[in-house]
Ligand SMILES: CC(C)(COP(=O)(O)OP(=O)(O)OC[C@H]1O[C@@H](n2cnc3c(N)ncnc32)[C@H](O)[C@@H]1OP(=O)(O)O)[C@@H](O)C(=O)NCCC(=O)NCCS
């Protein structure tokens, strides 16, 4: 691993982890109190997918003190027509008194070298600090669009009569199949296994459950057909803002998921000012209309590893759900 000689990389556990959580809580606490933030982080690592694909690491300096930290995710993507392992990097953080001495740079390089040695061919991250810093490590912005949506017609007086029910773990295989069908044709996309889909949904549910009662709500519904999920939607509700974190439909027109979202909106008293989604470019259920498109608050970026020929696709060829930002 190419580290500056005085630095070493360790798993962030015990006292180091507690201090990392103390310092990152003001940045990524999402309104949770400190104890709930700790539980939310720990619970993600205990999920079946998280326990084998998600780790938090720390960079230790010559004095034995941790200086920088990040999360790493083991993912798979389809890029340039090939399915390859990918390294996801999240929550990059340097303790304030150690900043501007290259600690985060050393950690990024170490993670990328380790990822490459383990077979990853693409590194991915979601930047909250623009693109310049990460460009020097070979990352390029991947254009993801956030769509602001509205119902195309007036809300139905009665909910559409569709066979909808709460989603369950037994639906994950059908959902992963739907995701695969929907992602076909996109040159750059995340490959979502049933376990990964379970993680993505669990993460949103854990966040909602960790916070103050009623502040965030997560709804996961499926439309059933022939005993299987034929469409689904996961919605994160924060006040009157709805983020469709992911959805899918066996029918490419999206008519069933559109009906499902309409039904989710129809209970009396439901007030929604904004419906947001990172919709795949070719996908718009007929019940919804686009008000406008905007850039999300974070910038997705990708870098090639191990000499991989990575071409960053144009915006109309990137399908990436909000649920898959880390
Ligand atoms: C971003 C961060 C990890 C950099 O850590 P670091 O160890 O100081 O990084 P390095 O020494 O390798 O590089 C320093 C460079 O980072 C860049 N940088 C730091 N903060 C930045 C910001 N908010 N916006 C843009 N660039 C930033 C600058 O180019 C800086 O160089 P400069 O101070 O000479 O201008 C650290 O500032 C941090 O923990 N910030 C709070 C958490 C955060 O925003 N993380 C990034 C999430 S995407």
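The values are calculated or read from the model by the stated rules, or taken from the named source; none is laboratory data. Model, not experiment: these values are computed from the prediction. Virtual Cβ from ideal backbone geometry, glycine too; neighbours counted across all protein chains shown.
When the criteria are applied in full, residue 257 fails the requirement of being outside the structural domain of residue 108 (by TED's automatic domain parsing), under 16 Å from the mean Cα position of the chain (by Cα) and surrounded by 18 or more Cβ atoms within 10 Å (Cβ to Cβ). The one condition from (1) away from the ligand (no atom under 12 Å from the Cβ); (2) over 23 Å from the mean Cα position of the chain (by Cα) that residue 81 does not meet is (2). Within region 23-42, is there a residue that is at pLDDT below 95, within 16 Å of the ligand (Cβ to nearest atom) and in contact with a helix residue (DSSP H, G or I) (Cβ under 7 Å, 6 or more places away or on another chain)? Yes, some residue in region 23-42 is at pLDDT below 95, within 16 Å of the ligand (Cβ to nearest atom) and in contact with a helix residue (DSSP H, G or I) (Cβ under 7 Å, 6 or more places away or on another chain).
For region 211-251, a tally of residues being outside any strand (DSSP E or B), touching a residue at least 60 places away in the same chain (Cβ under 8 Å) and surrounded by fewer than 16 Cβ atoms within 10 Å (Cβ to Cβ) returns 2. When residue 58 is tested against (1) outside any strand (DSSP E or B); (2) touching a helix residue (DSSP H, G or I) at 6+ places or on another chain (Cβ under 8 Å), only condition (1) is not met. Candidates 104, 114: the one that is within 16 Å of the ligand (Cβ to nearest atom) and surrounded by 14 or more Cβ atoms within 10 Å (Cβ to Cβ) is 104. When region 281-302 is filtered for residues that are touching a helix residue (DSSP H, G or I) at 6+ places or on another chain (Cβ under 7 Å) and either surrounded by 21 or more Cβ atoms within 10 Å (Cβ to Cβ) or modelled with pLDDT of 95 or more (or both), the ones remaining, listed by number, are 285, 286, 287, 288, 301. A search for C-beta distances below 8 Å between a residue of region 22-44 that is more than 18 Å from residue 205 (Cβ to Cβ) and without any contact (Cβ under 8 Å) to a residue 40 or more places away in the chain and any residue that is assigned to a helix (DSSP H, G or I) and away from the ligand (no atom under 16 Å from the Cβ), counting only pairs 6+ apart in sequence or on different chains, returns 22/34; 25/34.
Considered as a group, the residues in region 61-84 that are in contact with a helix residue (DSSP H, G or I) (Cβ under 8 Å, 6 or more places away or on another chain) and over 23 Å from residue 18 (Cα atoms) include one that is modelled with the lowest pLDDT, and that residue is 78. For region 257-280, taking the residues that are closer than 23 Å to residue 140 by Cα and in a loop (DSSP other than H, G, I, E, B), the one that is modelled with the lowest pLDDT is identified as 280.
Just one of (1) over 28 Å from residue 143 (Cβ atoms); (2) within 8 Å of the ligand (Cβ to nearest atom) fails for residue 97. It is (2). Cβ-Cβ distances below 6 Å connect the following pairs, each with a first residue in region 95-123 that is assigned by TED's automatic domain parsing to the domain that holds residue 59, a second residue that is modelled with pLDDT under 95 and within 13 Å of the ligand (Cβ to nearest atom), and a separation of six or more residues or different chains: 106/4; 106/7. The residue that is farthest from residue 21 (Cα to Cα), among those in region 46-60 that are buried (at least 17 other Cβ atoms within 10 Å of the Cβ) and away from the ligand (no atom under 16 Å from the Cβ), is 49.
The single residue among 87, 92, 125 that is near the ligand (Cβ under 8 Å from one of its atoms), closer than 21 Å to residue 186 by Cα and surrounded by 14 or more Cβ atoms within 10 Å (Cβ to Cβ) turns out to be 125. Screening residue 109 with (1) touching a helix residue (DSSP H, G or I) at 6+ places or on another chain (Cβ under 8 Å); (2) within 14 Å of the ligand (Cβ to nearest atom) gives one miss only, at (1). Scanning region 102-128 for residues that are more than 21 Å from the chain's Cα centre (by Cα) and part of a helix (DSSP H, G or I) returns 103, 104, 105, 106, 107, 109, 110, 113, 114, 116, 117.
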